[in-house]
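Visitor: Here it is: the structure, laid out below.
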Amino acid sequence: MCVVLLLIAGLAAVTAATETRSGACPVGQYLNEYTIQDYAITPSIPVGGAKYKMLRVPSTDTNPIPSSWFGTGFDDSAWPESVLPFGDKLQTCTSYFVNEGVQSTVGTLWPIGGSGNKAVLFVRDTFVLPGAAVAKFGTPKGLLLEFIVDNDLVYVGLNGQSQLDEKIMRGNCDGVTKPDSVVLDISKLQIGENLLTIHAEDRHVMSYLNYRIIVQVCEDKEISCEDCSV
C-alpha cells in the first residue's frame, strides 16, 4: 500500500467552524480544522506524493464485490495505483472546484457504466497520523471525510469499520455547489498507519470522485485564515 504522510509543517488550516462541525473543546479553546490529505490539485502531481490503490468494476451484476476488500488485512498488491480525482471526463465538477482553486482535470479514468449497468469503484487509501503531530496538537477531537461524488457513495470505512449508515445519493456533478461530508469515528483513528476505504458507484452519464481528509483539534487560538500553515 502507498502511504500519505502527515507532516507537521505542511498542515493547512481550513477553518474554525466550531458550530458547523462536530467536536467539543474546553472553555477558552477553539475547534480548528487541518487538512491532512487534500483534494487533488493536479493529477500529474498528487498532493504529498499520495497515490491510491483502486479497482474499477464495470458492473456489480457480472463482477462480484471482492470479499473483505475493506479490511486492513486484505491483499491489494494486485490493484493498480492511481491518483485523484477519478472520473470519466477531462472537466467535471468545474463549477465548484474552479471557485476553490482546485483543478478538476481527471487524474484516473473511471469509465461510466453502460446502459442499465453501474460503474463501480473501490479505493483503498493508506494515510499516517504521526505521533509528533499528536504531541504538538493534542488528541484529535474529530475526523471528517469531505467529498464530491457522481453519483453515489455506497461505503466508507476507517481501519476496517464501516462509517456510513446508508448510501449517500446525489445528482449530477455539474450542479455541485458545495461538498458533502461524512463524520468519521475518531475512536478508530490511530497513531501511525490508517486505512480509508471507499466504494462509489456511477449510475450513468458521468462519473467523478474527489475528496480530502480533515482532522479537528482544540487550540487556544482560533484560526481564521483559509490558507495557513503551522
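The values are calculated or read from the model by the stated rules, or taken from the named source; none is laboratory data. Nothing here was measured: the structure is a model prediction, and the numbers come from that model. Note that we place each Cβ from the backbone using ideal geometry, even for glycine, and neighbour counts take in every protein chain shown. The accessibility values were calculated without ligands, DNA or RNA, using every heavy atom of the protein model including side chains. Shrake-Rupley method; radii C 1.70, N 1.55, O 1.52, S 1.80 Å.
Visitor: Want the number for residue 72 to residue 187: 0.36 nm per residue separation, take away the alpha-carbon distance, what's left?
Guide: 39.8 nm
Visitor: While we're looking at this one, here's another question. When ligands, DNA and RNA are left out and all protein chains stay put, how many square angstrom of accessible area per residue does segment 146-224 have with a 1.4 Å probe? Could the numbers behind the result be given before it?
Guide: Values: 3290 Å² over 79 residues.
On a per-residue basis, segment 146-224 sits at 42 Å².
Visitor: Sticking with this one: Using 7 Å Cα-to-Cβ label points, what is the residue 81/residue 109 separation (nm, one decimal)?
Guide: Placing both labels 7 Å beyond Cα along the Cβ direction yields 2.1 nm.
Visitor: To the nearest 0.05, what FRET efficiency results for residue 178 and residue 65 with a Förster distance of 22 Å applied to their C-beta separation?
Guide: Calculated value: 0.15.
Visitor: Could you tell me which of rounded, prolate or oblate describes segment 107-176, using a ≥ b ≥ c as the square roots of the eigenvalues of the alpha-carbon gyration tensor, with rounded for a/c under 1.5 and, failing that, prolate when a/b is larger than b/c and oblate otherwise?
Guide: prolate
Visitor: Would you pull out the residues with amide H under 5 Å of residue 155's amide H, same chain only if 5 or more places away, H placed 1.01 Å from N?
Guide: Amide H neighbours of residue 155, under 5 Å, 5+ apart: 199.
Visitor: Rounded to the nearest percent, how much of the accessible area of segment 167-210 (1.4 Å probe, protein heavy atoms only) is carbon and sulfur? Before the final figure, lay out the partial values.
Guide: Working: 990 of 2020 Å².
About 49 percent, which is the carbon plus sulfur part of the accessible surface.
Visitor: Given points 7 Å out from each Cα along the Cα-Cβ axis, report the residue 205 to residue 152 separation in nanometres with one decimal.
Guide: So the label points at residue 205 and residue 152 sit 1.5 nm apart.
Visitor: Further, regarding this structure: Using modelled backbone amide H atoms (1.01 Å from N, in-plane), which distant-in-sequence or interchain residues come within less than 5 Å of residue 208's amide H?
Guide: The answer is 150, 151.
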